[in-house]
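Notes follow the structure.
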Amino acid sequence: MFETEEVKEKLILVSVSLGNPGDTEKSLDELEELVDTAGGECVGRMVQNLDSFVSATYLGKGKIEELKMLIDLKKADGIVCDDELSPMQLKNLTDELNVKVMDRTLIILDIFAARATTREGKIQVELAQLRYRSTRLLGFGKDLSRLGGGIGTRGPGEKKLEIDRRVIKNRIAMLRQDVKEIEKHRELTRKNRKAGSITNVAIVGYTNAGKSTFLNTVTNASILEEDKLFATLDPTTREYTTKNGGKILFTDTVGFIRKLPHHLVEAFKSTLEEAMHGDIILHIIDVSNEQYEEQMKVVYETLDSLGVKNKPVISVFNKIDKLSEEEKNDIIFKDVRAKYVECASIKKGIGIDNIINDIEEIIREQKIYVEKLIPYSEAGIIQKIRKDGELLKEEYKEDGIYVEAYIPPFMRL
Ligand SMILES: Nc1nc2c(ncn2[C@@H]2O[C@H](COP(=O)(O)OP(=O)(O)OP(=O)(O)O)[C@@H](O)[C@H]2O)c(=O)[nH]1
Ligand SMILES: [Mg+2]
């Protein structure tokens, strides 16, 4: 991702394990992937088992001494903690260790900064980065400025992030204004779309599950699909025409991850909500990832936090081509939150027809039966019913056209 960088930063991953050691290791595996994506190199790991985080220093005293030795031994340039550090923890650890101290949030923000391409994406990422920074500069001198360059200091585009507190404050105010403008515009387009009475399907899922691959396969969109975390940041909407000529809009958006920084969720709220305004949620799961159940949980937690409720969910267990026959037999493809469950290999085009069928089935179920006399002045509506609904009967009478039909809930007669 940052090919221009010549020397990779050597980093040690650090975690405090409060519960299951297996979960901690899996979370660290993911952190390693994140660090790799951000252009760093993991040269070691250190885990401390504790009942709770040490509020001032994240790790206990003895462990910090051990960590110092590991840093010397591995000639590491810095550490990355697997949880978001408080400003105090960041300051104290930096003072103690004298190397670059980063956390999971900073790494994710860095990746987002590099991935952002649209004006909106860039504004949202910068806003999240500056909010993260502003509290970490406050009252503690310029701890983040001690990061030097490289990972954690890159803003969207080629820009280096601001470290001056006053400038940050002004910039945040400006960016917030920009975000407001964007939201206003969004609200308008959303209304227009509703008026167009097309079913919206929001594609959601853990990062790297295959969301963009689905949209590309089904609608010939050309969204970057990559075996990297957070390949997609900006939402993309594409129209799909069913065999019967009905229209469906699919929206692909940013993937979820455990411990998604709240600054990012805040900043990306409008993007995420946009996608969540869908009528149907298409949940893509990478069933070849051994953590897929945990990932499903994270997805539903994120949806809950965004207030997405009472929408029909279709869950797709994707990448079944990567499973052995034995694994396929062992896995129970089940999701209690879903109305329909499908197995698929989206990349190989397997299972896609079933997914489309499920969507059509839901659309059909959502339709409302009406009997109505439509005045001749509004005869154009018949065309709309043919397109988005099902016209059962039409009779031309003196004062209008009498229809019996199934219409979508968003259509008004
Ligand atoms: N083996 C296999 N690989 C797949 C399948 N579907 C997608 N992939 C691969 O999985 C990787 C991630 O796919 P994307 O479509 O970019 O995933 P995404 O959910 O959009 O990920 P983010 O945008 O990062 O959140 C790519 O390398 C795809 O080629 C599948 O059915 N089988
Ligand atoms: Mg994607």
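The values are calculated or read from the model by the stated rules, or taken from the named source; none is laboratory data. On a predicted model such as this, the values are computed, not experimentally measured, just so you know. Ideal geometry is used to build each Cβ from the backbone, glycine not excepted, and the neighbour counts take in all protein chains shown. Quick note on the areas: whole protein, heavy atoms, side chains included, nothing else; ligands and nucleic acids left out. Shrake-Rupley method; radii C 1.70, N 1.55, O 1.52, S 1.80 Å.
Does residue 306 satisfy being outside the structural domain of residue 279 (by TED's automatic domain parsing) and either under 28 Å from residue 256 (Cβ atoms) or surrounded by 13 or more Cβ atoms within 10 Å (Cβ to Cβ) (or both)? Considered against the rule, which asks whether it is outside the structural domain of residue 279 (by TED's automatic domain parsing) and either under 28 Å from residue 256 (Cβ atoms) or surrounded by 13 or more Cβ atoms within 10 Å (Cβ to Cβ) (or both), residue 306 comes out as no. Taking the criterion of being within 16 Å of ligand 2 (Cβ to nearest atom) and out of contact with any strand residue (DSSP E or B) (no Cβ under 9 Å at 6 or more places or on another chain), would at least one residue in region 273-281 satisfy it? No, because not a single residue in region 273-281 is within 16 Å of ligand 2 (Cβ to nearest atom) and out of contact with any strand residue (DSSP E or B) (no Cβ under 9 Å at 6 or more places or on another chain). Within the set 401, 359, 350, 374, the sole residue that is touching a residue at least 40 places away in the same chain (Cβ under 8 Å) and either touching a Cys at 6+ places or on another chain (Cβ under 8 Å) or hydrophobic (A, V, I, L, M, F, W, C) (or both) turns out to be 359. Here the condition is being more than 10 Å from ligand 1 (Cβ to nearest atom) and farther than 16 Å from residue 352 by Cα; of 233, 264, it holds for 264 alone. For residues in region 301-321 being assigned to a helix (DSSP H, G or I) and in contact (Cβ under 8 Å) with a residue 40 or more places away in the chain, which is nearest to ligand 1 (Cβ to nearest atom)? For region 301-321, the residue satisfying everything is 302.
Residue count for region 326-355 under the criterion of being more than 16 Å from ligand 1 (Cβ to nearest atom) and open to solvent by 70 Å² or more (accessible area, probe 1.4 Å): the result is 8. Summed over region 241-255, residues that are among the charged types (D, E, K, R), more than 23 Å from residue 109 (Cα to Cα) and not in a loop (DSSP other than H, G, I, E, B) total 1. In the set 260, 215, only one residue is assigned by TED's automatic domain parsing to the domain that holds residue 358, more than 9 Å from ligand 2 (Cβ to nearest atom) and buried (at least 20 other Cβ atoms within 10 Å of the Cβ); that residue is 260. Of the residues in region 357-375, not one is assigned by TED's automatic domain parsing to the domain that holds residue 287, within 16 Å of ligand 1 (Cβ to nearest atom), touching an Asp or Glu at 6+ places or on another chain (Cβ under 9 Å) and not in a strand (DSSP E or B).
Name the residue, out of 186, 258, 238, that is more than 7 Å from ligand 1 (Cβ to nearest atom), modelled with pLDDT of 80 or more and not in a strand (DSSP E or B).
The conditions single out 258.
Per the conditions (1) of a type in the set (A, V, I, L, M, F, W, C); (2) touching a strand residue (DSSP E or B) at 6+ places or on another chain (Cβ under 7 Å); (3) surrounded by 22 or more Cβ atoms within 10 Å (Cβ to Cβ), the sole criterion not satisfied by residue 109 is (2). Scanning region 218-231 for residues that are within 9 Å of ligand 2 (Cβ to nearest atom) and either outside any loop (DSSP other than H, G, I, E, B) or touching a residue at least 60 places away in the same chain (Cβ under 8 Å) (or both) returns 230, 231. Annotation: residue 381 fulfils all but one of (1) open to solvent by 80 Å² or more (accessible area, probe 1.4 Å); (2) over 18 Å from residue 218 (Cα atoms); (3) of a type in the set (Val, Ile, Thr); the unmet one is (1). Note on region 189-209: residues that are buried (at least 16 other Cβ atoms within 10 Å of the Cβ) and at pLDDT below 80 total 2.
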